[in-house]
1. Along the Cα→Cβ direction, 7 angstrom out, place labels at residue 279 and residue 116. What is the inter-label distance in nm?
2. Compute the angle between helix 270-284 and the longest alpha-carbon principal axis of the chain, please, reported from 0 to 90 degrees and rounded to the nearest 10.
3. Can you give me the angle between helix 147-169 and the longest principal axis of the chain, using Cα atoms only, in degrees from 0 to 90, rounded to the nearest 10?
4. Translational diffusion coefficient of region 184-276 at 37 °C, 0.692 mPa s, Stokes-Einstein with Kirkwood Rh over Cα pairs, in µm²/s as a whole number.
5. Mean projection of the alpha-carbon convex hull of the chain over all orientations, in nm²?
6. Compute the separation of the alpha-carbon centres of region 55-118 and region 121-184 and state it in Å as a whole number.
7. Between the helical axis of 225-240 and the dominant principal axis of the chain, each derived from Cα atoms, what acute angle in degrees is found, rounded to the nearest 10?
8. To the nearest 0.05, what FRET efficiency results for residue 194 and residue 98 with a Förster distance of 25 Å applied to their C-beta separation?
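No lab work stands behind these numbers, since they all come straight from the coordinates. Treat the numbers as computed from the prediction; the structure is a model and nothing was measured. All Cβ positions, even for glycine, are placed from backbone atoms using ideal geometry, and neighbour counts span all protein chains on display.
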């Protein structure tokens with residue numbers, strides 16, 4: 001019984017670690033730019049495919065299997081550069097438009113990214129051919145947990161700490177918070193809001209593509225994988241509260257563990273259980289657990 005509980009919890013925490021990276025990118029973009037980025041799922045899928053290609057090139061070059069996570073993570077972060085292209089090429093034209101235009105534009109990016117992925121990598125699933133077990137496993141209370149899972153969980157925690165430090169302890173973080181609170185006042189004080197928006201959106205995109213790259217050893221890359229991720233990311237921000245990084249952490253952990261429990265008990269309840277939690281939060285605390293009340 002204990003072994004089963006540990007296995008479910010560790011599986012849920014691993015998924016939560018990936019989900020946190022994507023949700024953190026979604027939260028930081030909304031917190032500063034006030035845009036709910038529906039394209040976060042597509043960036044996640046892009047990171048997955050770029051990660052598969054990077055690992056393939058690394059293996060073809062004869063690199064040691066134990067270090068495959070290095071090109072995987074680097075490729076995931078590098079793929080985040082597409083965020084700068086999207087922000088400068090599309091989003092900057094709708095910052096002052098109605099929210100409906102912003103949602104439609106990010107949804108259009110979803111469709112374009114899916115087509116671009118299919119044109120580049122085809123429609124067949126791609127995988128990393130068993131690299132998931134390269135690092136072996138470790139026994140936790142009698143349950144064997146893949147070491148790769150622990151590496152990803154540790155990396156996600158480290159990234160959470162770095163983001164917290166960046167936003168609260170650095171000059172760039174103070175500029176970001178000032179821009180989020182009052183864009184006009186920040187501009188009046190000499191802040192280049194255009195560059196701040198470009199940097200924030202690129203950061204949010206890089207977190208999403210990194211999450212997609214890191215999940216690849218445990219699953220296969222598929223063009224539609226981003227759609228399910230959008231639903232889960234939406235659940236995270238509803239539970240945690242829009243714009244809250246602490247909410248992203250708690251929401252991702254909640255969704256990840258609930259998903260793992262549902263899969264282990266009755267897989268058909270997986271999404272239903274998450275929806276029920278979202279509904280309960282919307283009814284009892286519409287702004288989420290850590291969201292701020294807005295006029």
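1. 3.7 nm
2. It is inclined by approximately 30 degrees.
3. Approximately 20 degrees, to the nearest 10.
4. The calculation lands on 212 µm²/s.
5. That works out to 16.4 nm², a quarter of the Cα hull's surface.
6. Centre-to-centre (Cα) distance: 16 Å.
7. Once rounded, one gets 60 degrees.
8. Efficiency at R0 = 25 Å is approximately 0.75.
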